[in-house]
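Asks: Structure in structure tokens, see below.
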Amino acid sequence: MTVTPYREPDETEVSHPQKRIRWATHRATGIKAANKRHSLKERLHRRIGSGGEKRDSLGKEGGLQPDHTPESSDAGADDQASGRRVYFNVPLPQTERDDEGHPLAQYARNKIRTAKYTPLSFIPKNLWFQFHNIANVYFLFIIILGFFTIFGASNPALNAIPLIVILVLTALKDAVEDWRRTVLDTELNNAPVHRLVDFNNVNTAEDTVSLWRKIKKATTRGIVRTWRLMKNAKKNRKEEKGKEGDERGHDGSRPSIDTRRASVATHRESYFGNQEGIQMTPVPSPLPGQSPTNSPPLTSGPGDGDKIRGVDTKGAVKQKFWGSVLNPYKTAPDTARFKKDAWKNVQVGDFIRLYNDEEIPADVVVLSTSSDDGACYVETKNLDGETNLKVRNALHCTRDVRHARHCQRAEFVVESEGAHSNLYSYSAAIRWQQHDAKDPETPSYEMVEPISINNLLLRGCQLRNTEWVLGMVIFTGDETKIMINSGITPSKRARISKELNWNVIYNFFILAAMCLISGIVLGVTWARDDTSHSFFEYGSYGGAPATDGVIAFWAGIILFQNLVPISLWISLEIIRTLQALFIYSDIHMYYAKLDYPCTPKSWNISDDVGQIEYIFSDKTGTLTQNVMEFKKATINGVPYGEAYTEAQAGMQRRQGVNVEVEGAKAREQIARDRVRMLEGIRKMHNNPYLWDDDLTFVAPDYIDDLRGDSGIEQKTANEEFMIALALCHTVVTERTPGDPPKIEFKAQSPDEAALVATARDVGFTFVGREDDRLIVNVLGQDRKYQVLNTLEFNSTRKRMSAIIRMPDGRIVLFCKGADSMIYSRLIPNEQRQLRADTGEHLEMFAREGLRTLCIAQREISEEEYEEWNRDYDLAANAIQGREDKLEEVSDRIENQLWLIGGTAIEDRLQDGVPESISLLGQAGIKLWVLTGDKVETAINIGFSCNLLDNDMDLIILKVTDDDIASVEAQLDEKLKIFGLEGSEEELAAAQNDHEPPPPTHAIIIDGDTLKLALDESVKRKFLLLCRRCRSVLCCRVSPSQKAAVVNMVKTGLDCLTLAIGDGANDVAMIQEAHVGVGIAGVEGRAAVMSSDYAIGQFRFLTRLVLVHGRWSYRRLAETIANFFYKNIIWTFSLFWYQIYTNFDSQYIFDYTYIIFFNLAFTSLPVIVMGVLDQDVDDRVSLAVPQLYRRGIERKEWTQPKFWAYMIDGIYQSAVAFFFLYELFAPARFVTSNGLDISEYRRMGVYAATTAVCAANIYVLYNTYRWDWLMVLIVVVSTLFVWMWTGIYTSFTSSGQFYKAGAEAYGTLNFWAYVLCATIACLLPRFIFKSVQKMYFPLDADIIREQVKQGKFDYLKATDAYIPPPPEKGAPAESSNISDADALKYKAANVDATDEDLRPIYPPSVAPTATTHNPRSQNGSNSTDYTFRRSMEGLPPAHSTEGPPPTHRMSTDYRVRPSFDRARMSMDRVRPSFEQSNDFTSAAMLTRLESSHSRNSFHGNRTSYQGGPPNTQPAVMSRLRNAIRRATLTRDEAPEHLRQEQGEVPDVPAVPKEPTTKSAESGPGSD
């Protein structure tokens, strides 16, 4: 194979983010980004195109994208050469060979290496990386200075030990981590695969091994052999200890394990070289008789078994001839065979055979499979954790290539696009010369078939439920999509670490000043001739005063080096590591369902978690469970389904309804309806595939109507609806044997599986696929539907269609998608009332927090389909611009649709989400939700999870003209509410204001408007507006927009951000935020792999942030301050001594003191404080979340605090030295033998002991939690200086320090000095802390006092994950929930009767907790009254035993509790939201109706109801969205209601459509 490299090096990639929307079969289109994202964490399946909220590729797009890249169709036809050509049994053209005949193209080896080091490069490369740390460079410089004796270092080798220890420990850690990566790489590279050998692959030259590679290989083998010898020696020593019996048997099993593991890490050539080649697969040949010795039979045309086969009865279509790449007249030696080989030996152009459960070694195009229809199934669990199976199909022209001999006779060329990162897009074509199998004299002709992502198996996937697959390798190694996308996660550093650099710089300046003073003083001193040195000294080291000053400067660097302590970095690493261990070990963040604890992945940012001001959260799968349950539907204008959703409970709670009582009654009613529905299903059809526990769609009236109780029309509509759900999908069935059998569906998304599962539950079971046909069991009868085309979802289409040939021969297009897309493609001037009813029902479903989509269909004539299919095949065969062309062709057929109905799926909130959000809000954290869901759904989820409340004005930002000026005008208008103009000064003020905004406003914005609002010209105004709102909901946003919003807040407000999500589309914002949290859930592990912390549920975030984050931040801030302090007290004690030595860099301390001061004397107390200190315990931290605000305001670590500790250290160092000076200045003390102890090393014993005592007790002062461990560490560390001095000075090896301990400790003034000096050192700090806690207490001080008073003792008796606050801790003495909330019911005009009998009052007479809304729109018709007839006088229900009535029965008398509850709760809460009619589904759909179809061909459409064109059947003229909502105009309302509503203005009713005579005759006219 050869490839011409891309010729547009100057062209850059431009980001073209597309709008995303979430729905049932959501897949992703990648977003082009300037920075490579971690796209291997994304979902891996797309057919024609895909995109959406939970399935967005975050990779850097290349290849054939709709945007104008060099690889796209817009780049011109010459881009054909920008890809690669792979030749199979076709000679390589001369133009693609060099002068020596070798291929010009060079392809990546399939051997990959993710390890950072090799055995040869480890030491130099690791040292290079370590010395990128400026602190290490500084310490190395100090050590180098110490080797020059002129600078006075007494023991330079000892001085190098701390740095050596740091370098060695870090190197060992890096080596262990890299060794693990190396082992994984080696196992992967040597994994076995069956590759075709003895086959001439013309695309690659012989692999030549360079001298450097030989050296590396030899080094690696040597190290591995050494490692094996060490392991064998250790094993032999164990065996020699005499283990016998079971133990010996146990040990005896180990050699095989060791041998196997060792072989993994070694060269596997010998292993694979001994494998016997195989001609065929071990599995039986799929079709005996079709695999003769020479070639398969081609009498009926190649690939005959894979043509489109028509249907069983009527309307058979002409079979399509796909052709075959096999040359029946080619003679081949038949020497090729499939042989087990290593992954690393796979090359571009190889044939490989894969077996079930094997991993894919490279990007492979599927040629044939064990399945007759060419299908195989792959799982992307190794990529992103998803376990949903994806379908991949073999090419039609290669399905006869099933054995090694066939591979030798197949002649074709693959023209492929170049390697790029988009996991969901691939375009190529296979070209071959088609031969006539019957007549060898007939000239051959060229044929071509397109290759798409549907035919490509990506490296990293696993083959499932497929016996074998034969494929050809297109991309290897680093050119595979998964390796291109394996971008490095951005490196994150904690804010304290960044600010610490400045403090280190400050200390460098102080150090330089101290050394400069030393150099100047010493130089001046040596220049004088009136001092004693001119008589007694025999010259200086430098020989001149200036030189002496320079020497003194560098000697001072060594003397005062602890001013920038190397031990600080060691201590911080230890503290953060232990903090991460405690977070991982916290059982309160352990999710038992997944066996998943909170897992820190970045250990160095734990203190950032304690300063989070903004949290950005995904909704689906993060706030919700991402377990989809089909709850409701609207079919032919009739609403079905009983459910009590959390969003609905939220609406009722805002009305003052006791949701506990209401919810219990609703669930009881739903349970009764569930039993009734199951009975109805069993009576109508004993569905063997229905499992009672799996039923989520509770609608007994649906079964009644399906049986025909409401007439033949509704019965037909219900059947058509479920057939559409059973046919329009891409799910894979999994049958579990049993009695009865169980069929489960593996779908691209949980939404799609829920739709097909509901159709199964009510008797329309998708059983499986047979070639190109779907088998559906319709109420006990198996039917076969031929799939002609599948037009899948993408981000711009927002819909999916399936073109099906029905059993009666008709061709029907079924389409499901977003309501806006479906409504715009309906037949103009048809179904007007049905559209209004369905639109209102969908709006109401969305307000209940349900996810909605529309279902429509269209019948297509044979002629139209044939013409369209030709264009579709041309578009599908295009290599350049295929997606754009397919989208254009698909758009032509998806119009003139006939609306069937809509669906509503619930994605329930996770446990504890409302309480967690409320708790985070109390802590001062602002939570923004960034989701791809519809606006109404997001708003209601916002209400149900406490993100929004009844007192908020909802500010809606919505533009339709894509004009930035329109957005700016809206922003200016909204900013005036807060008195802002959007200036730079206001933004600067906002950066310093960390107070949470009052809960009065919330912003709702969609993706289209957000794209404009993020423009640089208006971004500041948008940010300031969001800053003044308590909550922000960004709906229908793409992953790039999520990351852009996070970046806007992070950089614009200079605050710390946290992003939390669960899917691949959340990776961008997780990596963009300061702290990224991934939730291990249904969406896979993409977010988890890219995150800094991984948790099992959203509620664990509260404990991670409010407990561990706050603790970590406070601990680290106090630790760093104390570390600088204790080094200041030590270093300045040396500095004060230099005053009396003319700054000649003389040590007052013994050198061992200098080494051990940070290593042993004072290190442990400050580390233990950083790991274990607590101001309040975890329960109190959650009960009083306001304590967290100190972290948001960054008050624990500030520059004033740093300088305060520095000044305190300078003061204490002066006390330690000058007390000593005053002690020795007036007189000298002598020991018992008369020797003087005024020698400087013995003076150092005094000063060092006081410095250590003061430093350790100072740390104890600053520690909140005095437990036995902390006190023990402080005492032991302090006593260690006495112990070391006594022991070390007892040996003569201590030199002049000999007996210093005994002599100093034997004098009384030593003990008096230590006592007085220590008290004097600590007294100012003691006074300061006492005054502060008594007169200026912090919040934590007050809470600690209340804890001592017992106000939080109630927390010991509660096991709640989120403890109640103090005022709610004690139970009420006498509480009756029902009585206490009775007034709430009265306030809402709700009586205590049974829910089924309670009437629905008009909103005008049903006061709510808020002001009455004058424009309460209870339906899309904006009518003012909602009236429900009581149950009195209802006609008796028809007996289920008798035959169904033949007339159309009115359904307006039906009791629908769930519908009634939702209708009663449609109060729209706040006027500001009501007045934004554009954001209601019904109002929006009214504007969109048939807007697309009006510009399309409009022929006569005969409805399935049998009515003539443009004529509504009888039922369509009824306002069926009543109770099924009897929605009445004012004139039609009962008299007593008209009297009570005298002041409400008239609102005209929506004009009713012209109806037929039969429609006016009443419900019985059918």
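The values are calculated or read from the model by the stated rules, or taken from the named source; none is laboratory data. Here the structure is a predicted model, which is why all the values come from computation and not from measurement. Glycine gets a Cβ as well: all are built from the backbone with ideal geometry, and neighbour counts include every protein chain shown. Protein only, heavy atoms only, side chains kept; ligands, DNA and RNA dropped before computing areas. Shrake-Rupley method; radii C 1.70, N 1.55, O 1.52, S 1.80 Å.
Asks: Kindly flag which residue pairs out of Lys746/Lys1011; Lys116/Lys481; Lys320/Lys746; Lys683/Lys784 have an alpha-carbon separation exceeding 27 Å in this structure.
Replies: On the way: Lys746/Lys1011 35 Å; Lys116/Lys481 21 Å; Lys320/Lys746 30 Å; Lys683/Lys784 25 Å.
Over 27 Å Cα-Cα: Lys746/Lys1011; Lys320/Lys746.
Asks: Extending each Cα 7 Å along its Cβ direction at Glu1345 and Thr1152, get the distance between those two points in nm, one decimal.
Replies: Label at Glu1345, label at Thr1152, 4.9 nm between them.
Asks: Now for a different question. Computed FRET efficiency, Cβ-Cβ of Leu140 and Tyr355, R0 41 Å: what is it to the nearest 0.05? Mind dumping the intermediate values first?
Replies: Details: r = 55 Å, r/R0 = 1.35.
Given R0 = 41 Å and the Cβ-Cβ separation, E is 0.15.
Asks: Please compute the volume of the convex hull spanned by the alpha-carbon atoms of segment 1151-1265 and report it per residue in Å³. Write down the numbers at each step before the final one.
Replies: Values: hull volume 15.4 nm³, N = 115.
Dividing the Cα hull volume of segment 1151-1265 by its residue count gives 134 Å³.
Asks: Just to make sure I understand: if all protein chains stay in place, what is the order of Phe141, Phe1156, Phe943 by accessible area at 1.4 Å, largest first?
Replies: In descending accessible area the options line up as Phe141, Phe1156, Phe943.
Asks: By average Cβ neighbour count within 10 Å, what is the ranking of 754-761, 170-177, 91-98 from highest down? Could you put the intermediate results ahead of the total?
Replies: Working: 754-761: 25.2, 170-177: 13.9, 91-98: 12.0.
Listed from highest to lowest mean packing, they are 754-761, 170-177, 91-98.
Asks: Right, something else. Any idea what the dipole of segment 318-374 comes to, in debye rounded to 20, about its Cα centre with Lys/Arg Cβ at +1 and Asp/Glu Cβ at -1?
Replies: Values: 8 positive and 9 negative charges, 69 e Å.
Charge dipole, segment 318-374, about its Cα centre: 340 debye, nearest 20.
Asks: Let me ask you something else. Contact order normalised by length for segment 608-665, with contacts defined as Cα pairs under 8 Å and 6 or more residues apart; what percent is it?
Replies: This gives 15 percent for segment 608-665.
Asks: I would also like to ask the following. May I ask you to give the average projected area over all directions of the convex hull of the Cα atoms of segment 941-986, in nm² rounded to one decimal?
Replies: Details: hull surface 19.2 nm².
Hull-based average projected area comes out at 4.8 nm².
Asks: Given a 1.4 Å probe and heavy atoms of the protein chains only, how would you sort Trp1282, Trp128, Trp928, largest accessible area at the top?
Replies: Working: Trp1282 50, Trp128 165, Trp928 0 Å².
So the residues, ranked largest to smallest area, are Trp128, Trp1282, Trp928.
Asks: With contacts defined as alpha carbon pairs under 8 Å and 6 or more residues apart, what's the relative contact order of segment 1087-1173 in percent?
Replies: On the way: 26 pairs, mean separation 35.3, N = 87.
RCO, segment 1087-1173: 41 percent.
Asks: Once label points are set 7 Å from the Cα along Cα→Cβ at both Glu537 and Lys116, what is their separation, rounded to one decimal in nm?
Replies: With each label point 7 Å from Cα toward Cβ, the separation is 4.8 nm.
Asks: To continue, here is another question. Roughly how much of Trp1311 is accessible, in Å² to the nearest 10, using a 1.4 Å probe?
Replies: Answer for Trp1311: close to 120 Å² accessible.
Asks: Subtract the Cα-Cα distance of Ser1017 and Asn1233 from 0.36 nm times their separation in residues, and report this length gain in nm to one decimal.
Replies: On the way: separation 216, 0.36 × 216 = 77.76 nm, distance 8.60 nm.
Between Ser1017 and Asn1233, full extension yields 69.2 nm more.
Asks: Still on this model: Explain nothing, just the number: relative contact order of segment 903-1032, from Cα pairs under 8 Å at least 6 residues apart, as a whole percent.
Replies: In percent, rounded to a whole number, it is 31.
Asks: Can you give me the solvent accessible area of His1108 with a 1.4 Å probe, rounded to the nearest 10 Å²?
Replies: 20
Asks: Can you give the Kirkwood hydrodynamic radius of segment 751-803 from its Cα pairs, in Å with one decimal?
Replies: Values: mean 1/r = 0.0817 Å⁻¹.
Kirkwood radius, segment 751-803: 12.2 Å.
Asks: According to the square roots a ≥ b ≥ c of the eigenvalues of the Cα gyration tensor, what is the shape class of segment 872-938, taking rounded for a/c under 1.5, prolate for a/b larger than b/c otherwise, and oblate for the remainder? List each step's numbers first, then the result.
Replies: Numbers: a/c = 4.45, a/b = 2.32, b/c = 1.91.
Taking the square roots of the gyration eigenvalues as a ≥ b ≥ c, segment 872-938 is prolate.
Asks: Give the ranking of Leu779, Leu1187, Leu211 by solvent-accessible surface, highest area first, calculated with a 1.4 Å probe. Kindly include the intermediate steps, with their values, before the conclusion.
Replies: Details: Leu779 55, Leu1187 15, Leu211 125 Å².
Listed by decreasing accessible area, they come as Leu211, Leu779, Leu1187.
Asks: At a 1.4 Å probe, what is the % contribution of carbon and sulfur to the accessible area of segment 721-872? Could you put the intermediate results ahead of the total?
Replies: Working: 1590 of 3740 Å².
Exposed carbon and sulfur together represent 42 percent of the surface.
Asks: Given a 1.4 Å probe and the protein chains all in place, what does the accessible area of Thr696 round to, in Å² to the nearest 10?
Replies: 30
Asks: In segment 1209-1361, if every C-alpha pair distance is counted and binned at 10 Å from zero, what percent goes to each bin?
Replies: 9, 30, 27, 16, 10, 6, 2, 0
Asks: What's the extension gain from Glu573 to Asp963 if we count 0.36 nm per residue and subtract their Cα-Cα distance?
Replies: Numbers: separation 390, 0.36 × 390 = 140.40 nm, distance 5.10 nm.
The Glu573-Asp963 span can extend by a further 135.3 nm.
Asks: If you don't mind, there's one more thing I want to ask. Any chance you could tell me what percent of the C-alpha pair distances in segment 125-168 go past 13 Å? Intermediate values should be presented prior to the final figure.
Replies: Values: 512 of 946 pairs.
Value for segment 125-168 (Cα pairs over 13 Å): 54 percent.
Asks: Per q in 0.15, 0.16, 0.18 Å⁻¹, report the Debye log10 I(q)/I(0) for segment 661-769, using one uniform scatterer on each alpha carbon and no solvent.
Replies: -0.68, -0.77, -0.94
Asks: Apply 1/(1 + (r/R0)^6) to the Cβ-Cβ distance of Glu859 and Ile587, taking R0 = 56 Å, and write down the FRET efficiency to the nearest 0.05. Mind dumping the intermediate values first?
Replies: On the way: r = 60 Å, r/R0 = 1.08.
Step by step, r from the Cβ atoms, then E = 0.40.
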